[in-house]
Amino acid sequence: MQAVILTDGLATRLRSRTLTTPKALIEVAGKPFIGWQLELIRDSGFEKVLLCIGHLGERIREYVGDGRRFGLGVSYSEDGPRLLGTAGALRRALDDLQPTFLVTYGDSYLPFDYSSPLRDLRAHPEALGTLAVFQNRGRWDVSNVELSGELVARYAKGSRDAELEYIDYGAIALRREVIRSILEGEPHGLDQIQTELAQQRRLRALIAEERFFEIGSEQGISDLEQRLRGH
């Protein structure tokens, strides 16, 4: 199984911390965040990780190396001079993607089995993706997903519609053909892909039971510190 981590965000909300340190290397509970994340992914049964790097990416490469210290094989795809968005970064890495793969973000800590969306997608050949979702009800962030049975009926990033009880958990399994269909060199976001696949009724939902954590804000870092030190 292959996991892809998108680590090339600019971390505008954490500028005081990330002027010289990429967000993935922010220290949380005694070690760089990406170390915690890679351990979770390894413990979910993955052997290969592709890191999409951009801003200060050489620092991430120095810390992670080839991944052996984490029990993984890690490779890299570098952003070019023009930012192409989350899906655009995957399009740039197309030749390195397996036929099915898991995507997550370099600031997300998800206490669940990272392999479960990928296994669900492989079990349903009619689907093009499986999105992990959480019944958020607006508690941890703005909810953006409506379900219909086992499918994502609607994905609406930025919406404040009260009917949207679920939220994108921060992990999605995709087929490589979805990324191949993106026009090379053009900006494209994963949110656009998720919206389109939901409209086509080809995006499945996998419900996560435990809240997500993120390090995109000072409050998020504090919450994750408490979680990790508590365990």
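The values are calculated or read from the model by the stated rules, or taken from the named source; none is laboratory data. This structure is a prediction, so every number in the text was calculated from the model and none was measured. Note that we place each Cβ from the backbone using ideal geometry, even for glycine, and neighbour counts take in every protein chain shown.
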Original post:
Given the conditions (1) over 15 Å from the mean Cα position of the chain (by Cα); (2) closer than 23 Å to R229 by Cβ; (3) modelled with pLDDT of 95 or more, which single one is not true for G67?
Top reply: (2)
**OP:** Looking at (1) of a type outside the set (A, V, I, L, M); (2) in contact with a strand residue (DSSP E or B) (Cβ under 9 Å, 6 or more places away or on another chain); (3) part of a loop (DSSP other than H, G, I, E, B); (4) surrounded by fewer than 21 Cβ atoms within 10 Å (Cβ to Cβ), find the lone condition where Y114 falls short.
**Re:** (4)
**OP:** Considering each of E62, E58 in turn, give the residue that is at pLDDT below 95, outside any loop (DSSP other than H, G, I, E, B) and farther than 26 Å from R227 by Cβ.
**Re:** E58
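Examine segment 154-161 for a residue that is assigned to a loop (DSSP other than H, G, I, E, B), among the acidic types (D, E) and under 24 Å from H55 (Cα atoms), and state whether such a residue exists.
no
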Original post:
What number of residues within segment 77-106 satisfy the criterion of being modelled with pLDDT of 95 or more, in contact with a helix residue (DSSP H, G or I) (Cβ under 9 Å, 6 or more places away or on another chain) and either surrounded by fewer than 18 Cβ atoms within 10 Å (Cβ to Cβ) or acidic (D, E) (or both)?
Top reply: 3
Subject >> Qualifying residues in segment 122-139 (those that are more than 28 Å from D161 (Cα to Cα) and in contact (Cβ under 8 Å) with a residue 12 or more places away in the chain) - the one surrounded by the fewest Cβ atoms within 10 Å (Cβ to Cβ) >> reply: E126
**OP:** Select from segment 155-169 the residues that are in contact (Cβ under 8 Å) with a residue 24 or more places away in the chain and buried (at least 20 other Cβ atoms within 10 Å of the Cβ) and write down the one among them that is farthest from P99 (Cα to Cα).
**Re:** Y166
**OP:** Quickly run through segment 79-116 and pick out the residues that are closer than 28 Å to S222 by Cβ and not small (G, A, S).
**Re:** T86, L102, V103, T104, Y105, D107, Y109, L110, P111, F112, D113, Y114
